[in-house]
Amino acid sequence: MPPDAATAVSATAEEAAFARGLGLVATDLDGTIVRSDGAVAPRTLAAFRACAEAGVHVVFVTGRPVRWTAPLAADAGLTQPVVCANGAVVYDLGSERVLRRRALPPAAVLTVAGRLREALPAIAFALESGSGFRRESGYVPRFDTGLEQAVGSLEDLLEHDPMVLKVLVRCPGQSSDELLAVAREAVDGVAHATHSDPGGSLVEISAAGVSKASTLADLAAELGVGAAGVAAFGDMPNDLELLAWAGRGYAMANGHPEAKAAADSVAPPCEVDGVAQVIERLLAARA
């Protein structure tokens, strides 16, 4: 188990040894650097600029689709690729194009849906696909997607666009944690289930083997950085693999218990710019 937040803040000797090889900062967005007011603090943006000046890459690694990630990354001054949709997409900010996609085969989508409907008959599905957000009529989005939504059966939606980046799952009366427990067992061996929404009922399903960590590992290697040189920040179950893979993983103090268990240390909460605090400490030790 990682130390509590107060202990993690003072554990600079261990961080200093790690910081000497720091080459990349990978950070989740919502609940990690994006505060409850929807903004990223000036202190955090300044920390990212300091990383760039020190030759340390900064990569956003998020469950958000590209359309919700690219504007925020641009505001943060990032020009490098970002990892979106829990690892299903790598998007290059400079050229404004998708570099790679790791999609769920249509047969796997239907298998996942069948298994979950058998376990929870009231369940409903939506798809993040190559052409955007698409949903069954029973799936009620929690947020305005800003898109004209295609509505239909899964079979019809897949026929129109078979490139599925994520399957989104909702079920009345089930919390995200409860739904994830069912989904992990139901889709094992076929796909990868996780969640990033503790306050609602939402599980996100990617292709088997696809996670933030698996995609970031490839991207970091292209940038000449191994896992040992990566500091990763996250707060939810969709960050578990990332926090465990990185040379040093930091779970936010406001984060999910599973994230804290997977991390090396606990960073101060998002609302007090916890990521910036840690980056400042690492860069000082690195210098």
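The values are calculated or read from the model by the stated rules, or taken from the named source; none is laboratory data. Here the structure is a predicted model, which is why all the values come from computation and not from measurement. Every residue, glycine among them, receives a Cβ derived from its backbone with ideal geometry; neighbour counts consider all protein chains shown.
Below are the figures for this structure:
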item	result
Some residue of segment 200-214 being among the basic types (K, R) and crowded, with 20+ Cβ neighbours inside 10 Å	yes
Boolean, A251 is touching a Phe, Trp or Tyr at 6+ places or on another chain (Cβ under 9 Å) and either over 19 Å from I33 (Cβ atoms) or among the charged types (D, E, K, R) (or both)	no
Single residue of segment 249-287 satisfying the filter (polar (S, T, N, Q) and within 19 Å of the chain's Cα centre (by Cα)) that is nearest to E15 (Cα to Cα)	S265
Helices (runs of 4 or more DSSP H) enclosed by segment 8-81 - at least 1 residues per element that are at pLDDT 95 or above and more than 25 Å from V167 (Cβ to Cβ)	12-19, 42-53
Segment 230-248 - residue that is among the small types (G, A, S) and surrounded by 22 or more Cβ atoms within 10 Å (Cβ to Cβ) and, of those, farthest from L22 (Cα to Cα)	G234
Qualifying residue in segment 131-138 (condition: closer than 24 Å to G234 by Cβ and modelled with pLDDT under 95)	yes
Candidate set: segment 82-113, residues that are among the hydroxyl-bearing types (S, T, Y) and either modelled with pLDDT under 95 or not in a helix (DSSP H, G or I) (or both); chosen: the one nearest to D28 (Cα to Cα)	Y91
Leading residue by the ranking (nearest to S211 (Cα to Cα)) among those in segment 15-44 that are free of Cβ contacts under 8 Å to residues at least 60 places away in the same chain, among the hydrophobic types (A, V, I, L, M, F, W, C) and out of contact with any Asp or Glu (no Cβ under 8 Å at 6 or more places or on another chain)	L29
Condition broken by T111, with the remaining ones in (1) closer than 25 Å to G234 by Cβ; (2) in contact (Cβ under 8 Å) with a residue 24 or more places away in the chain; (3) crowded, with 16+ Cβ neighbours inside 10 Å; (4) not small (G, A, S) satisfied	(1)
Test: residue in segment 181-188 that is surrounded by fewer than 23 Cβ atoms within 10 Å (Cβ to Cβ), touching a residue at least 12 places away in the same chain (Cβ under 8 Å) and closer than 20 Å to G138 by Cα	yes
Some residue of segment 160-176 being buried (at least 20 other Cβ atoms within 10 Å of the Cβ), touching a Phe, Trp or Tyr at 6+ places or on another chain (Cβ under 7 Å), farther than 21 Å from R101 by Cα and not assigned by TED's automatic domain parsing to the domain that holds P81	yes
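Results for (1) aliphatic (A, V, I, L, M); (2) more than 30 Å from L120 (Cα to Cα), shown as yes or no for each residue.
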position: V190; (1), (2): yes, no
position: A193; (1), (2): yes, no
position: S201; (1), (2): no, no
position: V225; (1), (2): yes, yes
position: L243; (1), (2): yes, yes
position: H256; (1), (2): no, no
position: A284; (1), (2): yes, yes
